[in-house]
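J.: Here you go, one structure.
The values are calculated or read from the model by the stated rules, or taken from the named source; none is laboratory data. Please read all numbers here as calculations on a predicted model, not as lab measurements. Glycine also receives a Cβ, built like all others from the backbone with ideal geometry; neighbour counts cover every protein chain displayed.
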Amino acid sequence: MESIFNLENLFTLGALVLLQAVLGFDNLLYISLESKRAPEKDRARVRKMGIAMAMILRIVLLFVLTTLIKYVQDPLFDLNITGVIESTFNLHSIIVLVGGVFIIYTATKEVLHLMSYEEVHTADKKPSSVFKVVFWIVLMNLVFSFDSILSAMALTDVFWVMATAIVIGGLLMIWLAERVATFLERNRMYEVLGLFILFVVGIMLLSEGGHLAHLKLFGNAVEPMSKTTFYFVIGVLVITDVVQSRYQRNLLRAKREAGANTTVAQIHDESSPAS
């Protein structure tokens, strides 16, 4: 027992919890946006159910990967067209690529909905079923979990340490998901920002999947987007949104002041005696 609960394992557990938190940001954003498809009264329950079920399946996935890791990484098939495309796909790369495509599709569809007049002005949009929303939350949570689980396996081979980190990360995600969803509800202007961040997440997954598949397009290898680059892009998006919002508020204030001055001038002209 002493050899299991030693200082090294406890430090590793802390590092894995931090890793779960850092890698879980994009997942958390997806959960908060996806849960809005459910009926309003069920949204909090959907988030908790989805994360809890995904947490259990993550532990199952962890067990499967530690047992069958070589089958996930073994090549499945090649796709080679001389001078156009070269690749060697495995199960890991396919899952990540499919996840990236789905997230880009979801983000694009939601952005188009926000741009639609009917979508913005229609209050009776039929919500999705609780089962459907929970299913997608769980599925995409598993897609996001691949990198975090493989990263955890690179740090330690102690199963209880990895499983405990997953449980703690899941509980933190449940706690944070409520706050992120509430923030987006109260600040609808940031929903568009969230969708574009989700779009960047999809691109990151595509680049990661392409790298895992050793994909080359027209002789150029696909390189994965690093987390540093990802957070830099997110920072630029946030700063741009803040500047744009402040600029729009200044324009509206200037228009209101100009309108008020025009009204005062008109009243003054009408009240002045005719010459």
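J.: Inspect all residues belonging to the range 57-72 and state whether any of them is of a type outside the set (Lys, Arg), within 21 Å of Leu215 (Cα to Cα) and modelled with pLDDT of 75 or more.
T.: no
J.: Another question about this same structure. Is it the case, given these coordinates, that Gly202 is loosely packed, with under 11 Cβ neighbours inside 10 Å, under 30 Å from Ile95 (Cα atoms) and in contact (Cβ under 8 Å) with a residue 40 or more places away in the chain?
T.: Considered against the rule, which asks whether it is loosely packed, with under 11 Cβ neighbours inside 10 Å, under 30 Å from Ile95 (Cα atoms) and in contact (Cβ under 8 Å) with a residue 40 or more places away in the chain, Gly202 comes out as no.
J.: Now for a separate question. Could you figure out which of (1) within 30 Å of Asn90 (Cα to Cα); (2) buried (at least 16 other Cβ atoms within 10 Å of the Cβ); (3) assigned by TED's automatic domain parsing to the domain that holds Asn141 isn't true of Ile234?
T.: Single failed check for Ile234: (3).
J.: Can you pull out the residues in the range 221-272 that are at pLDDT below 80 and in contact with a strand residue (DSSP E or B) (Cβ under 9 Å, 6 or more places away or on another chain)?
T.: Once the filter is applied, which keeps residues that are at pLDDT below 80 and in contact with a strand residue (DSSP E or B) (Cβ under 9 Å, 6 or more places away or on another chain), the range 221-272 yields nothing.
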